[in-house]
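Have a look at the structure below, then the notes.
The values are calculated or read from the model by the stated rules, or taken from the named source; none is laboratory data. These numbers were taken from a predicted model, which means no experiment stands behind them. For neighbour counting, all protein chains shown are included, and Cβ atoms are generated from backbone atoms with ideal geometry for every residue, glycine included. Surface areas here come from the heavy atoms of the whole protein model, side chains and all, with no ligands, DNA or RNA. Shrake-Rupley method; radii C 1.70, N 1.55, O 1.52, S 1.80 Å.
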Amino acid sequence: MAGRRYDPERRQRIIDAAIRVVGRSGIARLTHRSVAVEADVPLGSTTYHFKTLDELMVAALRQANEGFAKTIASRGALEDPRSDLAAELAALLGEWLGGERAGVELEYELYLAALRRPALRPVAAEWCEDTAALLSRRTDPVTARALVALMDGICLQVLLTGTPYDEEYAREALGRLLPGADRGRGTES
């Protein structure tokens, strides 16, 4: 048998493989063995870098969470106090949901796995807290948390029902949470 070769990217390849396994087959099919096969590494490598599946899922969820944060950062809307925050957030959700759908579904599958896997809860909470902290640059902390909850709910509805994302609805709904925001065309009786 050949000697061990130095592979500084192996840990990252294992995380990427875990994300692909969950994306393709669901979280129930995630095992050290399935990830080792997907990453083309020995089984012992997966258990060396991640002693438990929970550790591997934490790393995968943390990496998946970075996608939404990058989308927020790329828009720059939170930096300009003159921008229409509700419109910017609605556009942001449209950009995120309009991208690779499998990636968004994977994020939510890992996020919701925290219901049954306590080890994932702190990472799921980080996403909410980090997003609320970003939104707190433009509004108060309570409103920021409400915006995060609403955005989460809108995303879940789109993913679970398969309905197209309605940016105008999202803009109006998000605007209703913002003090002094334009309420759209008016209220219906």
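In plain terms, the chain from ASP40 to GLU105 could stretch by 21.0 nm, reckoned as 0.36 nm per residue minus the Cα-Cα distance. Length available on full extension from LEU160 to ASP130: 0.36 nm per residue minus the Cα-Cα distance, which gives 8.4 nm. Counting only protein heavy atoms and a 1.4 Å probe, the chain has 58 square angstrom of accessible area per residue. Every helix of 4 or more DSSP H residues in the chain counts as -39500 (n - 2.57), and over all residues that averages to -22000 deg cm²/dmol at 222 nm. Computed on segment 1-105, with alpha-carbon pairs under 8 angstrom and 6+ residues apart, the relative contact order is 22 percent.
For the pair TYR48 and ARG33 in one chain, pulling the backbone fully straight at 0.36 nm per residue adds 4.1 nm over the alpha carbon distance. For the residues VAL158, VAL123, VAL104, a GNM of the chain with alpha-carbon springs under 10 Å puts the largest fluctuation on VAL158. Annotation for ARG82 and ARG137: the two label points, set 7 Å from Cα along the Cα-Cβ direction, are 1.7 nm apart. Which net charge results for the neighbourhood of VAL148, defined as the other residues with beta-carbon distances under 11 angstrom from its beta-carbon, given Lys and Arg at +1 and Asp and Glu at -1? Surrounding charge for VAL148 is -2.
The fraction of accessible area contributed by carbon and sulfur in the chain is 53 percent, rounded to a whole number (1.4 Å probe; ligands and nucleic acids excluded).
GNM on the chain, alpha-carbon springs under 10 angstrom: the most fluctuating residue among TYR108, TYR48, TYR165 is TYR48.
Using Cα pairs under 8 angstrom and six or more residues apart, how large is the relative contact order of segment 76-189, in percent? So the answer I get is 34 percent.
Only one of (i) 9, 26, 27, 15, 10, 7, 4, 3, 1, 0; (ii) 9, 32, 30, 18, 9, 3, 1, 0; (iii) 9, 27, 27, 20, 10, 5, 1 was calculated from the structure for P(r) over Cα pairs in 10 Å bins from 0, in percent, and its label is (ii). Identify which of GLY23, GLY99, GLY175 has the largest mean-square fluctuation in a Gaussian network model of the chain, with springs joining Cα atoms closer than 10 Å. Largest GNM mean-square fluctuation: GLY99.
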